[in-house]
C-alpha cells in the first residue's frame, strides 16, 4: 500500500510539473519545473527497483543537463524587453498534437495484450547495479565504447560550436 | 629479405619519396625542392654504389610476392638482381644525381622550378622500377609511367607552342610503338600463362610457343622499343623533344629513357634469339637508323639537335649489335648502352653549360672560340667527343670508353652468329663503320664550331662565362667516366652466358679464340673510322683549303644536303602518310554520320513533324483545354501548399507529430477488437 | 506489485510524452523546445525501465542508460547550437529562424 501511495504521489508530481514546464510563461520557471519532473521520474525508477538508474537520473539530469539548460537560459535571456518579438502562442495546434499523441499511445496500450503478466513483475526488486555492470562490459561492450567515443566527439564539437562566433 | 633486395627497394623508393615530398611541400617547394631531390638521389646513389661494390654477393638474388589473383591466375611480381640490373642501376642513379646537381643552377629562377624536380624525381623512380622488375607487367607499367613523366618534362615550358606540340608528339609517337608492345605481351601471356622472365624463357625454350609466333612477339616487343628508343620510323619525336630543358635531354633523351627500349630487347634476348628473322629485322632497322640519323646530324646547326640525332644514331648501333644474337654482340650492345649514357649525358650537360653561358643561344653558327671562356666545359666536351668517336689505340686495350664498346659492336657484327645471315651482318658491319666515321666527323664538327674557330657573334662571345661549380662538377665526373668507363665494365657486370647468364640462354656462344680474326678486323675498322672522321672534320673546319673543299662538296651534293637538312622529310612523310589520312578518315566518318545516318533520321523526323502538325490542330482545342485546367489545379495546389512552408520549426513539428499520431489513432480505431 | 500494473507506468510515460509534444509545439523559445525533447526522452525511459522490471531482465535498464547518455550529448550540442544561433541572430525564438521558409 505504501508503494502505491508513493507511485501516485510521484505520478502527480511528474505530470503536474511537466505540464507547468510546458506552459510556464517564463522560461526560467519552466526550467526549474523541469527539474522537479526529473526528480519525480527518478522516484518512479526507484519504485520500479532500478536504484542505479534513479541515482543516474538525478546525477545526469539534475546535475548535468539541468545546469546546461539553466546556463542556456541565462546566456540567451539578455535581450532587452523592447526588442523581444512576442509571437502569439497557438494553443490549438499544440493541444491537438499532444492530445493525438496521448490518444494514440493510450489506445495502443489498451488494445495490446502483453505476453508477460501485466500485474506481477517477473524479477524481484533486488539491486540492479551488478546486472547492469555485467551487461555493459559483456553484451553491450561495443555500444558502450561507441558511446564513449560519441561523448568525446560531442565534447569537442560543442566546444567548437559554442566558441565559433566569439572570436 | 636479402640485403640486395632491400638496397634495390631503397634505391627505387628515394626518388619517389623526393617527388612526393616536393608535392607535399606546396608553396614552400620552390625553396626546398632542389635540396630534397639532390639529397634523395644521393642516398639512392650511395645504395647503388654499395650494390655495385658487392655485386658478387648480391647477384642472382630475387624476391617476389603474389600481387593479385585474376580469374584464378596468381600474378607474381618482384625484383631480380642480375648483371644488367646492376649496370643500369648505377648508370641511372649516377646520371640522375648529376643531372639533379646540374639542374640546381641551370634551372635556377625558373618559375616551375619545383615542378621540374618533382617530375624528374618521378621519372627516375619509373626508370629504376623498370630496371629492377622481374616481369614484363611491372616493366610495362614503369614504361608507361616514364612516358608520362617525359611528357611532363618535355612540356616543361608548355607556354611555348613548340614545347607543347613536342610533348604531344613524343607521347603519341611512343604510343604507336606501345601498341605493338602490348600485343606482344598479350600473345606471350596467351602462350605461356605468365609474364615473368624466367617462366617465359623456360617455356619458350621448351617449345611451347610456335616459331612464327615468337617472330611476331619479338617484332611486337621491338616495335615498343622503336617508339621508346627512337628507331626509324618512330624516331621523329626525339629531335623535337629537345624543347625540354637541357638537363632533361641529358637524363631522358640520352642516358635513361631511350635506354629503356634497348634494355627491353637486351632483357628479352633469350626469347628473341629463337627467331633469326626478328634478329635480322632488328639489326637492319638499327643500322639504317644509325646511318640515317648520322646523315641528318651533319646538317644540323642547333647544338642540341646534333646531339639528338647522334643519340638516335648511337641507339641504332646498340640495336644492330643486339640483332646479331651472339654472346659478344649482346654484351657489346648493353655495354655501349652504359658507355653511351655517360658520354652522351656529358655532351648534353656540356651543351647545357654552353647554352647557359651564351644566354640560351643554341645555334652553333653564332658561337665559336669559346674554349678560353669555358675551360672546364671545353675539356669535358672534348673528352666526351673523343669517347663517342671511339678514340683509342687499335689492337691494344687502351682507349676511351666509347672505343671499347664500339670496337666490340663491330667485332660482334663481323663475327655474326654462325647462322645463315652472317653475310648480312658483315654488310651491316661495313655500314656501321661508315656511320662511325660520320659520327666522329659530326661530333668534332660541333666541337670545332663551338669551341674553336673565330667567334662569329662577338656579343655572345663577350658575355660568355664559365658555369657555377655544381654544373662543372657534374661535367667533370661524367667526363672522367667517359674516359674510364670502358675498363672491365663489360666483363664485370654483363657476363653473357657463364655462371649468371642464365637469362640469355640460347644465345650463340663464341669462345675467346673464335673471335680473334674478327677482333683484328673490328680494330682496323674502328680505328679508321675514328681517325678519318676527326682528321677530316679538323681539315674541313679549321683550314681555309678545307673550308673551300667543304663548300664545294656541299654544292655538289646539294639535293642530298638539303634533304638531310629537312630531316629527309620524315615529318612531312608522317604528316602525309599517317596524320592526314587519319584526319581524312575522321572527316569521312563525320560526313557519313552527318549526311547519311542523319539524313535517314531526319527524314523519319520530318514525316513525324507532318503527322504532328496534323494532330496539333486537334491538340489545341481539346487536349490543351484539359492540360491547362490540370495545370491550373496544380498551380493552385502548389500555392496552397507553399503557404504551409512557413519556415517555422513549430509548424513543421506539429505537422510531423500530428500526422503520425493521427494515423496511429485511425489505425487503432480500425483494428479495434 | 501491490496493485500496480505495468499499464500504470506506461500510461504515465504516455502522459509525459504527450506533454513533451505539447511543449515542443507550444514553445517559441529554442530552449523551451529542448525542455520538451528532454521530457519525451524521459517518457521513453520510464517505459524502458518498466518493461525491464516486468521482464526481470536488465537489458531495458541498460538501454535507458544509453538514452540518458544520448540525452546528455544532445543537450550539449543543442545548447551549443542555440548559443551560436543566438550570437548570429540575437534571438532564441524558433519563429525567427525562418531560413526554411518555402
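Here, each number is a calculation from the coordinates, and none is a lab measurement. Computed from a prediction, not measured in an experiment: that's the story for all the values here. When we count neighbours, we look across all protein chains shown, and the Cβ atoms used for this are built from the backbone with ideal geometry, even at glycine.
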**Extent along principal axes [Cα atoms of segment B:314-391; Å; largest to smallest]** = 47, 20, 16
**Request:** Can you check what the Kirkwood hydrodynamic radius comes to for segment B:1-78, Cα pairs only, in Å to one decimal?
**Result:** 14.6 Å
**Helical mean residue ellipticity (222 nm; -39500 (n - 2.57) per DSSP H run of 4+; nearest 500) of chain B** = -24000 deg cm²/dmol
**Request:** Return the single residue from C:42, C:84, C:29 with maximal mean-square fluctuation; model: Gaussian network over chain C, springs between Cα atoms under 10 Å.
**Result:** C:84
**Prompt:** Pulled fully out, how much extra length does the chain show between residue B:627 and residue B:208, if you take 0.36 nm times their separation in residues and subtract their Cα-Cα distance?
**Reply:** 143.4 nm
**Request:** Take the alpha carbon atoms of segment B:243-298, find their radius of gyration, then divide it by 2.2 N^0.38 Å using N residues; give the quotient.
**Result:** 1.41
**Asked** Using the beta-carbon distance between residue A:159 and residue B:659 and R0 = 45 Å, what value does 1/(1 + (r/R0)^6) give for FRET efficiency, to the nearest 0.05?
**Response** 0.75
**Complete:** Helix B:257-267: inclination vs chain B longest Cα principal axis, degrees, rounded to 10, gives 80 degrees
**Prompt:** Any idea how far apart residue A:110 and residue B:516 come out in nm if each label point goes 7 Å out from Cα toward Cβ?
**Reply:** 12.3 nm
**Fill in**
Across all Cα atoms of segment B:522-614, Rg and the largest Cα-Cα distance (Dmax), in Å, are 31.0, 95
**Complete:** The extension gain from residue A:3 to residue A:28, computed as 0.36 nm times the residue separation minus the Cα-Cα distance, is 5.7 nm
**Prompt:** On average, how much area does the Cα convex hull of segment A:127-167 cover when viewed from any direction, in nm²?
**Reply:** 3.7 nm²
**Percent RCO, i.e. relative contact order, over segment A:1-77, from Cα pairs under 8 Å lying at least 6 residues apart** = 28 percent
**Message:** Bin width 5 Å, origin at 0, all Cα-Cα pairs of segment B:313-445: what percent of pairs per bin?
**Reply:** 2, 11, 19, 20, 16, 11, 9, 6, 4, 2, 1, 0
**Request:** Considering Cα pairs under 8 angstrom that are at least six residues apart, work out the relative contact order of chain C and quote it in whole percent.
**Result:** 26 percent
**Computed over segment B:516-673, the ratio Rg/Rh where both radii use C-alpha atoms and Rh is Kirkwood** = 1.60
**Item:** Percent of Cα pairs exceeding the 22 Å cut-off, where the set is segment A:1-77
**Value:** 27 percent
**Request:** Given the options C:70, C:41, C:16, state which has the largest fluctuation in a GNM of chain C using a 10 Å cut-off (strictly under) for Cα springs.
**Result:** C:70
**Request:** Determine the shape class of chain B: with a ≥ b ≥ c the square roots of the Cα gyration tensor eigenvalues, call it rounded for a/c under 1.5, and otherwise prolate if a/b is greater than b/c, oblate otherwise.
**Result:** prolate
**Request:** For segment B:1-149, report the translational diffusion coefficient in µm²/s to the nearest whole number, using Stokes-Einstein at 10 °C, 1.306 mPa s, and a Kirkwood Rh over Cα pairs.
**Result:** 100 µm²/s
**Asked** Over the protein assembly as shown, what is the percentage of antiparallel beta bridges among all DSSP beta bridges, to the nearest 5?
**Response** 95 percent
**Message:** If I take the Cα coordinates of segment A:1-40 and project them onto the principal axes, what are the three extents in Å, biggest first?
**Reply:** 38, 14, 8
**Asked** Computed FRET efficiency, Cβ-Cβ of residue B:301 and residue B:76, R0 45 Å: what is it to the nearest 0.05?
**Response** 0.30
**Prompt:** Can you give the extra length, in nm with one decimal, that the chain gains between residue B:179 and residue B:561 once fully stretched, where that is 0.36 nm per residue apart less the Cα-Cα distance?
**Reply:** 134.1 nm
**Complete:** In vacuo Debye sum over C-alpha of segment C:5-72, base-10 log of normalised intensity I(q)/I(0) at q = 0.19, 0.22, 0.25 Å⁻¹, listed in q order, is -0.72, -0.87, -1.00
**Distribution of pairwise C-alpha distances over segment B:204-308, 5 Å bins, in %** = 2, 12, 21, 21, 16, 11, 8, 5, 3, 1, 0
**Asked** Once both axes come from the Cα atoms, what is the angle between helix B:29-53 and the longest principal axis of chain B, in degrees from 0 to 90, rounded to 10?
**Response** 50 degrees
**Asked** Using Cα atoms only, what is the angle between the long axis of helix C:30-55 and the major principal axis of chain C, expressed in degrees (0 to 90) to the nearest 10?
**Response** 10 degrees
**Asked** So for the protein assembly as shown, what percent of the C-alpha to C-alpha distances run longer than 53 Å?
**Response** 48 percent
